[in-house]
Amino acid sequence: MYQGNTIGAVIPAYNEESFVGEVIETLPSFVDRAYVVDDCSTDDTWDEIARHADAGIEPDAVQSPLPDGGTAAGPQVVPIQHDENRGVGGAIKTGYQRALADELDVTVVISGDGQSEPDIVERVLQPVVDGEAGYAKGNRLHSGDRDEMPAFRRVGNFVLTYLTKISSGYWRTMDPQNGSTAISHSALSAVDIGEMYEDYGYCNHLLAMLNAEEVTVADVPHRAVYDDEESHIEYQTYVPKVSWLLLRNFTGRLQETYLGREFHPLPAFYLVGAAGSLTGLLAAAKRVFDGEDGGLVAPLAIVLVGVLSMLVAAVLDFEENRDLTVHAEEP
C-alpha cells in the first residue's frame, strides 16, 4: 500500500523478454498487485513473466480485494496472456479492467521496457494519492530534461502534444504519449474503459474520455529514460490512424461536453471557422488555377475570418478547461 491506498500496476509487454523480468524484479515495494500483460509476443516474453510470477505469490491465490493490514513479501504478480496481438492500449485496457474488478484504489502503468523507473512511478502516483487529480501523467518535455529525448521523438512528440491539446481539451498538459500514468478508481470507473482505443493512440483517447467526465489531470515532469529498448511503432500506419483518432476525439468531446450536457456556442465557432477557411482556400485555389480576374482578396478574407473564428473557439475552450489541469513541481 501507499499512504493507505492499495496500488495496482499494469505492465504491458510485447517482445520484451530482455526487459520485463527486471521490470518485475524492481517493482516499487508499495505495489500490491502487478498485472503483467503479454500481448501475444513472438519471443520468450511470456516465459519470463510466468517465471517471475511462479517465484512470487500464486496469481490466482487472491481474487478478492486486498485485505486491510499485514505485509507481503512483494507484489502479487498476475500474469495475463492475450491470444492475439491487440496493441499496447489493448494490453493496458486488460490490466485496467482487472484492477477495476479487484477494486484497487490507484492503478499505475509501468512500461515493460524499463522506461518507468521506480522514482518516476512514485512521482506520477503522488498527485492522485493526494487527491489533487484523478489521473496523472508524466512529462518528459519540461525544460530540464527534454534534450535527453532523441531528436526525432522530441519533434514528433511536440506535434502530437499540440494536436492533443486541441483534441482532448487539456490545453495545459504536455507529452500526451508518456506511458507513465496513475489513475484513481473513481476516475477509471467514470469512463467506459472497454471503449478505449487499443493501439498507440490509447493515451490520447483516454484524455478525451476523461475530459468529457471533467476529471482533473496532473502533469508531472520527470527525466527521460532511454536505454537499449526498441520502439514497436510503425509510423507509416501510426500517423494516419492517430490523426483520424484525434479528429474523432475532438468532435466526440465537443458533442459530449458542449452539446450533450448544456448548449454552448463554442462548437459553432469551430464549425464556422473550419467551413470558412476551407471555402476560402478552395475559392483562392480555383482562381489561381483557372486564371480568373478579380484577385485573391475576397477568398483570403474569408480564410482570415475562418481562422479568427477558430481562434475564438480555442480561447473559449481553453478557459472552460483551465482548472482541469494541475502541475507538479519539476524534479
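Worth a mention:
- Under 5 Å, built H, 5+ apart or other chain: amide partners of residue 77: 34, 57
- Within the chain, helices built from complete DSSP H runs that reach 27 Å or longer along their own axis (Cα positions) and carry a mean Kyte-Doolittle hydropathy of 0.5 or higher are 266-290, 297-321.
- P(r) tail, the range 264-321: Cα-Cα pairs separated by more than 17 Å, 43% of all pairs.
- Antiparallel bridges, percent of DSSP beta bridges restricted to the chain (to nearest 5): 25 percent
- Footprinting exposure proxy ranking of 83, 47, 323, fewest other C-beta atoms within 10 angstrom first, gives 83, 323, 47.
- Angstrom value of the Kirkwood radius, inverse mean 1/r, which spans all Cα pairs in the chain: 21.3 Å
- Distance in nm between pseudo-label sites at residue 307 and residue 282 (7 Å out along the Cβ direction from Cα): 2.0 nm
- Here 86, 322, 253 are placed in order of increasing Cβ neighbour count within 10 Å, fewest first, which gives 322, 86, 253.
- Count, lysine Cα pairs under 21 Å in the chain, 8 or more residues apart or across chains: 4
- Ellipticity at 222 nm from helices only: DSSP H runs of n ≥ 4 in the chain, each -39500 (n - 2.57), divided by the residue count, give -14500 deg cm²/dmol.
- Counting every other Cβ atom within 10 Å of each residue's Cβ, 29, 309 order from fewest to most as 29, 309.
No value in this document is a laboratory result; all are computed from the given coordinates. Given the structure is predicted, the values throughout are model-derived calculations rather than measurements. Using ideal geometry, Cβ is built from the backbone for each residue, glycine included, and neighbour counts are taken over all protein chains shown.
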